[in-house]
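Shown next, in structure tokens, is the structure this report addresses.
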Amino acid sequence: MLGSGAREHAIVSALLRDGEHEIFAAPGNAGIAAEVETVALDPTNAEVVAAYAVDAGIHLVVIGPEAPLVAGVADRLRRAHIPVFGPDKAAAQLEGSKAFAKRVMESAGVPTGRAVRVSTPEDAAAALDDFPAPFVVKADGLAAGKGVLVTPDRDAALAHAEHYLQQGPVLVEEFLSGPEVSLFFLADGHDVAALAPAQDFKRAHDGDTGPNTGGMGAYSPLPWLTDGSGPEGVAGRWASEAEFVDEVRRTIAEPVIRELESENTPFRGLLYCGLVLTPAGVRVIEFNARFGDPETQVVLPRLASPLGEMLLAAATGTLAEHDAPAFDDEAAVVVVLASEGYPEAPVTGRPLSGLEEAAAEPGAALVHAATARDGEAFLATGGRVLGVVGRGPDLAAARDAAYRGIGHVGLEGGWFRRDIAQRAAEGHGTTTTEGATA
């Protein structure tokens, strides 16, 4: 397992539930190290990763974060004949270059918003004048979840574009209004298998206010998709979650994977579909080439099928030989604890307390994101420190378990949103209507 965040911890925990794997994590974090053996290596160094995998007799490598994918780690592993869950560098451009993703969507006939790629401040200004407010500006490459700005302020949009133009091209996009949904597909280069939909919360503060973050919480399932409590234009559109998932599979996931296959750029790994549900239909606002964080933390705990078996099938082109992933009826909610100053300038190195008490809460579990051990103590080493996942028969119960758990955790200056999944749990639908993800 390559990576060191909460997403990787959630994947490791799901693999451990299979009960039949010997798992190594590189480099992992303090929470992962409490469950499996960790290896101190750079997950973006393809030669080092491949050499370790060969020497250790690894049967499957799962790549968690985007950086190793864009660095071509999967390519090197495949040359060493090691099965790997994660796309090659060329296919990972689906996340690494938003312009590449737009081009593939256009070729595949996938519904998305209009976008203009610009390379100079003058072109950015002209493109902004061609779109109505609110303005959407995206860095073309990877930007650690901070490359997207949605604003009614043209001057702010232009300043954002000028900042990221110093690093490369920028996209100015049409704003798409509607609730966001994250839907993951396992892909083996030709076929896809859907996981359960989830919704995350990217804004820092309650009420979906404040700056974009890497994600402050998430929940699954999404009752407002089918129970009539969704926003106008969404409520009642799908009779079941399965109907929604099948529509996305037919109109988005399969066409994109087949288009990449036709271009001799097979995508074998996790296709993350960032969707916005507009009155005109489902539209793609972004693709990622790996499991999403924090959505993975609520999708995988609901998974009833063996995860390792499905990841290996995707890596080896045999998804069609397996049943579709099955999920239990329970709900899951994750609430993220952040360090003081996150996302602009997080304060790190402070001790954590109450972790045992949090994990002991009925229905609650910890997923570590940025933690390290200092003797017996746990330290916060990044902006998003850990998440508490609550499970229960419905969202209200799952949410209660998550907040009971995180209430035990102590971190000087630490904070978390207090409204994760609140509206959905109360039967009021959703207010997460960004229209453009980070």
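No value in this document is a laboratory result; all are computed from the given coordinates. Predicted, not measured: the structure shown is a model, and the values here were computed from it. Here Cβ is always computed from backbone atoms with ideal geometry, including for glycine, and neighbour counts include all displayed protein chains.
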For the range 113-190 and the range 259-338, what is the centre-to-centre distance using only Cα atoms, to the nearest Å? 24
What is the spin-label model distance, in nm, from GLN166 to GLU357 if the labels are put 7 Å beyond Cα along the C-beta direction? 4.5
If you wrap the chain's Cα atoms in a convex hull and average its projection over all directions, what's the area in nm²? 19.3
Dividing the convex hull volume of the alpha carbon atoms of the range 272-409 by its residue count, what do you get in Å³ per residue? 169
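Quick one: dipole size for the chain, taken about the Cα centre, charges +1 on Lys/Arg Cβ and -1 on Asp/Glu Cβ, in debye to the nearest 20.
On the way: 33 positive and 62 negative charges, 90 e Å.
Dipole magnitude for the chain comes out near 440 debye.
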So what's the Cα pair-distance distribution over the range 180-324, bin width 10 Å, in %? 11, 40, 36, 13, 1
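By the gyration tensor of its Cα atoms, with a ≥ b ≥ c the square roots of the eigenvalues, what is the shape of the range 2-89: rounded for a/c under 1.5, prolate for a/b over b/c, or oblate? It would help to have the intermediate numbers written out before the result.
Details: a/c = 1.66, a/b = 1.43, b/c = 1.16.
It is prolate, given that a/c is not under 1.5 and a/b is the larger ratio.
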Cα gyration tensor of the range 61-123 diagonalised, 5x eigenvalues square-rooted, in angstrom largest first, produces semi-axes 29, 14, 9
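When the helices in the chain are scored as -39500 (n - 2.57) per DSSP H run of 4 or longer and the sum is shared across all residues, what 222 nm value do you end up with, to the nearest 500 deg cm²/dmol? Intermediate values should be presented prior to the final figure.
Numbers: 16 runs with 129 residues, N = 438.
Value at 222 nm, helices only: -8000 deg cm²/dmol.
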Give the Kirkwood hydrodynamic radius (Å, one decimal) of the range 330-426, defined as one over the mean of 1/r across all pairs of different Cα atoms. 13.3
In µm²/s, what is D for the range 128-234 at 20 °C and 1.002 mPa s, where D = kT/(6 pi eta Rh) by Stokes-Einstein and Rh is the Kirkwood radius from Cα pairs? 133
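Report the charge-dipole magnitude of the range 114-173 in Debye, nearest 20, computed about the Cα centre from +1 at each Lys and Arg Cβ and -1 at each Asp and Glu Cβ.
Details: 5 positive and 9 negative charges, 54 e Å.
Using only the charged Cβ atoms, the result is roughly 260 debye.
Provide, as a two-decimal number, the C-alpha radius of gyration of the range 256-333 over 2.2 N^0.38 Å, N being how many residues it has.
Cα-based Rg divided by the globular estimate yields 1.26.
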Would you mind calculating the gained length between HIS428 and ALA320 on full extension (0.36 nm times residue separation, minus the Cα-Cα distance), in nm to one decimal? 35.1 nm
For the range 32-158, compute Rg over Rh where Rg is the Cα radius of gyration and Rh is the Kirkwood radius from the inverse mean 1/r over Cα pairs. 1.12
